[in-house]
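Student: Below you'll find the structure I mean.
Every number here is computed from the coordinates shown, using simple stated rules; none is lab data. Worth saying up front: this structure is predicted, and the values here are computed from it rather than measured. A quick note on method: Cβ atoms are made from the backbone with ideal geometry, for glycine too, and the neighbour counts reach across all protein chains shown.
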Amino acid sequence: MEKTILKVEGMSCEHCVKAVTMAVKALQGVTDVSVSLAEKTVAVSHDGSATVEQLKTAIEDQGYDVLG
Ligand SMILES: [Cu+2]
């Protein structure tokens, strides 16, 4: 199991949290998604089936900027 923590700009409310969580959880091998609005982070627990690039794309597709 891997844990990837991404810095994400633009999330401001529970709707954003839900949109990002749902989008990332839909990717293969993702078991848990934890969003912190205060720290602007998205922590993803996954088995490596989805690449970090795919995680980033899923978040960007929802309209948010992934800084790293
Ligand atoms: Cu929002």
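Student: Tell me, what HN-Hα J-couplings in whole Hz come from the Karplus equation 6.51 cos²θ - 1.76 cosθ + 1.60 at θ = phi - 60° for each residue of segment 24-35, using x for Gly and Pro?
Tutor: 6, 5, 6, 6, 5, x, 8, 9, 8, 10, 10, 9
Student: Then there is this: Shape call for the chain from the C-alpha gyration tensor, a ≥ b ≥ c root eigenvalues: rounded (a/c under 1.5), prolate (a/b greater than b/c) or oblate?
Tutor: prolate
Student: Quick check: pseudo-label points 7 Å beyond the Cα along Cα→Cβ at T57 and S36, how many nm apart are they?
Tutor: 2.8 nm
Student: Helix-only mean residue ellipticity at 222 nm, the chain, DSSP H runs n ≥ 4 weighted -39,500 (n - 2.57), per residue, nearest 500. What is it?
Tutor: Value at 222 nm, helices only: -10000 deg cm²/dmol.
Student: Apply the Karplus parameterisation 6.51 cos²θ - 1.76 cosθ + 1.60, with θ equal to phi minus 60°, to every residue of segment 49-59 and state each ³J(HN,Hα) to the nearest whole Hz, in sequence, with x for glycine and proline.
Tutor: 4, 9, 6, 4, 4, 5, 4, 4, 4, 4, 6
Student: Residues of segment 30-54 with amide nitrogen under 11 Å from the 7 Å Cα-to-Cβ point of L67?
Tutor: Residues passing the 11 Å test: 39-41.
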